[in-house]
Amino acid sequence: MSFSSLGLSSSLLKIIAEQNYNKPYPIQNEAIPAILQRKDVLGIAQTGSGKTASFVLPILELAQNKTLSRNRHIKTLVLVPTRELAIQTADVFQLFASSLPKKVKAMAVYGGVSINPQMMKLQGTEILVATTGRLLDLVASNAVNLSEVETLVLDEADKMLNLGFKDEMTQIFNLLPKNRQNILFSATLGSDISSFRDVLLHNPVLIEIKAESSDIELITQTAYHVEAERKGPLLRYLIKHLNMTQVLVFVSSKHTADHITDKLNINGIESAAMHSLKSQGARNEALQKFKKGKLRVLVATDIASRGIDIQFLPYVINYELPRSPKDYIHRIGRTGRADSPGDAISLISPDEVHHFVVIQKKMGKRITLIQTNKLELKGY
Ligand code: AMP
């Protein structure tokens, strides 16, 4: 299959080629024609599968033939669980929209930043990517009207439910016209998603992409056995010794994130922390800098572990293990994506060894622990 056989126009094909998307990913092969035919779609797929482009491209194509929206009446609504994912998804819309003959305005709205600039920018917006709380605030202030929405996308619906957004989502659904196209993406198809599916989707095209196992094969996993108090020096040793220029480090608390970041910076390794106590502005800035390769280390709690797409991220380090094996897979899944290999390194203290065994069992993969007690870490 090639992109040109999927029903997309030449201006979109041109920018797809410029992005070096040589051929469609499996999810794109199936979702693009279905969405162009205005069918409902249920996609079971992870980040990394190419799911964003699988809805962005056909939605932009359909927007080419639509009349302009009435002021503040949105035509396409994309709901996402996190602010970062909202920004990232709107960026993909804007990237592909930039070369289209008919201008299509897409923007992201999310909480944690002042509402006024978002209200002003909404003028003329056709495609809105939103987190639920901020969207409801904007509706309440008449800054946006959802009564003419033609397409609804729920991205990472399982995550939205896990984060407790069900009531807000239901409130939003009640503001939408009954007759519309629905597209739902979820990493898993649990019972909560199934009940959602029955309410929302009409004869959906079901697309199931098992991305995780193949992605995991792309990732080289290494684990170091290290005393808790030697983790900091070992981290700095590895970053320097392996000449890491772009590394995402996961920790389990905000406090540790700040502490490690300070230590790295003192030791001449430029880094920034990303966690929920940082202002949204600071989080965006750190992520943008990191994505552009202008920040060597991003130290993050699990808010950054899902949905964040950083192209060709070469290294992920688990400074501490996450509680759930699922989160471990999501964390290391930030590397080894889109057909490019990556390295995931875990620092395992003696009291984490047992938990690491559980994670390996769940993952179905064994990782040898490398001993570090003989490693000289003075000066790091
Ligand atoms: P997503 O699953 O939407 O987060 O996409 C994962 C990554 O794959 C992103 O960096 C995309 O830019 C990239 N990507 C999506 N589709 C393709 C494609 N057909 N060819 C190459 N890269 C792609």
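FYI, it's all coordinate maths here, none of it is from the lab. Quick caveat: nothing in here was measured; it's all calculated off a predicted structure. Ideal geometry is used to build each Cβ from the backbone, glycine not excepted, and the neighbour counts take in all protein chains shown.
Angle of helix 280-291 to the longest C-alpha principal axis of the chain, folded into 0 to 90 degrees and rounded to 10: 70°. Where only DSSP H runs of four or more residues are counted, the chain gives -11500 deg cm²/dmol as its mean residue ellipticity at 222 nm, each run worth -39500 (n - 2.57).
Checking the Cα-Cα distances for Lys263/Lys365; Lys39/Lys105; Lys39/Lys362; Lys278/Lys378; Lys23/Lys66 against a 30 Å cut-off, the pairs over it are Lys263/Lys365; Lys39/Lys362; Lys278/Lys378.
Which percent of Cα pairs goes in each bin when the distances of the range 213-371 are cut into 5 angstrom slices starting at zero? Cα pair-distance distribution for the range 213-371, in percent: 2, 9, 20, 24, 22, 15, 7, 1, 0. Computed from Cα positions, the angle between helix 83-97 and the longest principal axis of the chain comes to roughly 60 degrees. Per-peptide packing, taken as the mean over residues of other Cβ atoms within 10 Å, places 140-148, 58-66 in the sequence 58-66, 140-148 from highest down.
Inter-label distance, Lys166 to Leu377: 4.4 nm, where each label sits 7 Å from its Cα along the C-beta direction. Please grab the % of Cα pairs in the range 1-128 that end up more than 21 Å from each other. Distances greater than 21 Å cover 40 percent of the Cα pairs. Sorted ascending by nearby beta carbons within 10 Å, beginning with the fewest, Ile32, Ile44 become Ile44, Ile32. Each label point was placed 7 Å from the Cα along the Cα-to-Cβ direction; for Glu270 and Ala228 their separation is 3.3 nm.
Based on Cα contacts under 8 Å between residues 6+ apart, the chain shows a relative contact order of 17 percent. In this structure the amide hydrogen of Val41, modeled in the peptide plane, comes within under 5 Å of the amide hydrogens of Asn182, Ile183, Leu184, Val205, none closer than 5 places in sequence on its chain.
The label-point distance for Ser252 and Arg323, in a model that sets each label 7 Å from Cα toward Cβ, rounds to 0.9 nm. Over the chain, the pair-distance histogram of Cα-Cα distances with 10 Å bins from zero comes to 5, 23, 31, 24, 12, 4, 0 percent, rounded to whole numbers.
At a Förster distance of 51 Å, what's the computed FRET efficiency of His355 paired with Gln64, Cβ-Cβ distance as r, to 0.05? Given R0 = 51 Å and the Cβ-Cβ separation, E is 0.50. Helix 231-241 axis versus longest C-alpha principal axis of the chain: approximately 80°, rounded to the nearest ten.
Relative contact order for the range 213-371: 36 percent, from Cα pairs under 8 Å spaced at least 6 residues apart, divided by residue count.
Using only alpha-carbon positions in the range 130-277, the gyration tensor eigenvalues give semi-axes of 42, 22, 13 Å once each is multiplied by 5 and square-rooted (largest first). Near the amide H of Met274, within less than 5 Å, lie the amide hydrogens of Val299, Ala300, Thr301, all on another chain or at least 5 residues away, with H placed in the peptide plane. The Cα atoms of the range 57-175 cover 40, 27, 26 Å along the three principal axes, with the biggest extent listed first. Between Glu217 and Asn174, 0.36 nm times their residue separation minus their Cα-Cα distance comes to what? Value of the extension gain: 11.2 nm. Spatial offset of the range 312-380 relative to the range 169-188 amounts to 37 Å, using the alpha carbon center of each.
Take every Cα pair under 8 Å whose residues are at least 6 apart in sequence, average their separation, divide by the length of the range 3-208, and the relative contact order is 28 percent.
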